[in-house]
Number of protein chains: 2
Amino acid sequence: MSLEVVNRVPELRAAVSRARASGLRIGLVPTMGALHAGHGALLDRARAECGCVVVSIFVNPLQFNRKDDYERYARTLPADLAFCRERGADLVFTPELEEIYPREQRVYVDAPSLSEHLCGMHRPGHFRCVATVVMKLFNMVQPDCAYFGEKDAQQLAIIQAMVADLNIPIEIVPVPTVRESDGLAISSRNVRLDHEQRQSATALHRALCAAAASIASGGGVADAREAACKILKDEPSLQVEYLEIVDPESMRPVDEIRGSVRIAGAVWAGETRLIDNLLQRSAQ
Amino acid sequence: MSLEVVNRVPELRAAVSRARASGLRIGLVPTMGALHAGHGALLDRARAECGCVVVSIFVNPLQFNRKDDYERYARTLPADLAFCRERGADLVFTPELEEIYPREQRVYVDAPSLSEHLCGMHRPGHFRCVATVVMKLFNMVQPDCAYFGEKDAQQLAIIQAMVADLNIPIEIVPVPTVRESDGLAISSRNVRLDHEQRQSATALHRALCAAAASIASGGGVADAREAACKILKDEPSLQVEYLEIVDPESMRPVDEIRGSVRIAGAVWAGETRLIDNLLQRSAQ
């Protein structure tokens, strides 16, 4: 199968319609490009489950809080297309900015209660713009299912809530985080780390693991946070933005550990922001 | 054709799927019941354009700002079903509250810039809840087109913006306001008016017509508003909530009349709120 690349919505809809008319299950992998092994896991899962795999590549300016982060965001389209081809995608949608936002956006999808904590607290408006662009892509493609990485846990929770609360007939498939051999979650922003920052960055995952171990052995919220923060404090080159233990559905910090919790953290290594999280069941 | 009545989303989707599989165009007429000649015009238009006409009847509690207004809202299901049958609807969706809101709603569709003025200013949160429930109904039915009355002009503008800005593949069909012989816009709330209020209520339409005539003869914004307010002042039993001349797309008050404008008003007759509007082209 050859890879079809389109950049206009009508072409996209026509290509998807042909696949649907052939009875194929349509899977969407929404990305901002700079594709890496994390996206690879999404693509592999989609390929295994769907007859037609659609990848969207669009760096959404609205969801960036810092202009420099938007401008510095890696854009590697030729490599991304080769990656999609190798992984067996059928259709790639690479719209220009005006194709997604032909006029000033007036209507937004918002999940205020799910955006209060964690990244939402530190990136005002970010998730509103993520939910809105994902809704747009959902309506452009109308896939049967869509694939999202667990690394962006709050984003995943918001998209799952959006689909449930707005009755969108799309199945959301969460895909586990892919990590480097030393535990660092793979991210498009990792390339910005210098050698020393790259070494320190592993502390985030180690901190989450320490919190998870504390919870697994019956520790409470304070114990778990302390275990994590102790590790992060030993890396003076990392600045902690947050480290919280939250309910995996509501994304609100919990007072006590019951059932499953998500341990989520964000740190800055210089000018680069890194996030990661782990799901952990309580000891009881 | 007999009328099918369903109250669960899976039944609704199954019935619509059968119609779609037969190649029929699906038209949705979303209503809160208490059907009258205004809804009749929506149904007639849908019947003329679609092979399968779906009517939803759901009084959405979230969009009411006053609990008493919600509780007093007319509920006339047997008559509504007879009305749908006579007008040739194919499918009526009459969900219970829990079918639409099985849990607390976390995700909303919002059009903040379009909700700042007119009804949006006086009914905080109203249009967010209207847009959200319409989005839910759109995703439940996935119609080819949906019918909305021009009487609720701000609602119509917000739904049109929602469809455009979120790339929803549904055609929105605006249907002109239906009026009593004396000009009063037909509304489910008109039955609450006593004899005297019913007489006074015509002043709203007369006021809009006076503003339209002023604009047609070259009057400016101040002239048009003055012409309308003069008529409303002569009806001491009406309390004016707003009377504005707005851009028909942005729903913002205009400073000068250029192209088409919408003249929109809301008044209270005792405890009953009435709205109406007219579209008018400038004299130039």
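The values are calculated or read from the model by the stated rules, or taken from the named source; none is laboratory data. Model, not experiment: these values are computed from the prediction. Cβ atoms come from the backbone with ideal geometry, glycine included; neighbour counts cover every protein chain shown.
Report yes if some residue within segment B:234-247 is among the β-branched types (Val, Ile, Thr), surrounded by 17 or more Cβ atoms within 10 Å (Cβ to Cβ) and part of a helix (DSSP H, G or I); otherwise report no. No; the residues of segment B:234-247 include none that is among the β-branched types (Val, Ile, Thr), surrounded by 17 or more Cβ atoms within 10 Å (Cβ to Cβ) and part of a helix (DSSP H, G or I). When residue A:216 is tested against (1) surrounded by fewer than 20 Cβ atoms within 10 Å (Cβ to Cβ); (2) over 23 Å from residue A:53 (Cβ atoms); (3) within 14 Å of chain B (Cβ to nearest Cβ), exactly one condition is not met: (3).
Of the residues examined, residue A:59 is one that is part of a loop (DSSP other than H, G, I, E, B), closer than 24 Å to residue A:132 by Cα, assigned by TED's automatic domain parsing to the domain that holds residue A:100 and not hydroxyl-bearing (Ser, Thr, Tyr). When residues in segment A:121-132 are screened for being out of contact with any Cys (no Cβ under 9 Å at 6 or more places or on another chain) and either hydroxyl-bearing (Ser, Thr, Tyr) or surrounded by 24 or more Cβ atoms within 10 Å (Cβ to Cβ) (or both), 3 of them pass.
The number of residues in segment A:12-37 being in a helix (DSSP H, G or I) and either within 14 Å of another protein chain (Cβ to nearest Cβ) or modelled with pLDDT under 95 (or both) comes to 7. Do you know which residues across segment B:29-86 are farther than 18 Å from residue B:155 by Cα and among the small types (Gly, Ala, Ser)? Those that are farther than 18 Å from residue B:155 by Cα and among the small types (Gly, Ala, Ser): B:34, B:37, B:40, B:46, B:48, B:51, B:74, B:79, B:82.
Condition check: part of a strand (DSSP E or B) and of a type in the set (A, V, I, L, M). Does residue A:261 satisfy that? Answer is yes for this residue.
For (1) more than 9 Å from every other protein chain (Cβ to nearest Cβ); (2) without any contact (Cβ under 8 Å) to a residue 24 or more places away in the chain, each residue gets a yes or a no:
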position: B:132; (1), (2): no, no
position: B:138; (1), (2): no, no
position: B:142; (1), (2): no, no
position: B:145; (1), (2): yes, no
position: B:148; (1), (2): yes, no
position: B:167; (1), (2): no, yes
position: B:175; (1), (2): yes, no
position: B:180; (1), (2): yes, yes
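Close Cβ contacts (under 8 Å, 6 or more residues apart or on different chains) running from residues in segment A:233-254 that are not assigned by TED's automatic domain parsing to the domain that holds residue A:115 to residues that are in a loop (DSSP other than H, G, I, E, B) and among the β-branched types (Val, Ile, Thr) comprise A:245/A:254; A:245/A:257; A:246/A:254; A:247/A:254. Residue check, residue A:118 against (1) within 14 Å of chain B (Cβ to nearest Cβ); (2) under 17 Å from the mean Cα position of the chain (by Cα), all met but one. Which one? Residue A:118 satisfies all of (1) within 14 Å of chain B (Cβ to nearest Cβ); (2) under 17 Å from the mean Cα position of the chain (by Cα) except (1). Exactly one residue out of A:22, A:56 is in contact (Cβ under 8 Å) with a residue 24 or more places away in the chain, hydroxyl-bearing (Ser, Thr, Tyr), more than 20 Å from residue A:272 (Cα to Cα) and crowded, with 18+ Cβ neighbours inside 10 Å, and it is A:56.
Identify, from the list B:109, B:92, the residue that is within 14 Å of another protein chain (Cβ to nearest Cβ) and crowded, with 20+ Cβ neighbours inside 10 Å.
Numbers: B:92 fails: within 14 Å of another protein chain (Cβ to nearest Cβ).
Going through B:109, B:92 in turn, just one is within 14 Å of another protein chain (Cβ to nearest Cβ) and crowded, with 20+ Cβ neighbours inside 10 Å: B:109.
Can you tell me which condition residue B:122 does not meet? The list is (1) out of contact with any Ser or Thr (no Cβ under 8 Å at 6 or more places or on another chain); (2) under 30 Å from residue A:95 (Cβ atoms), and all the others hold. Only one criterion is unmet by residue B:122, namely (2).
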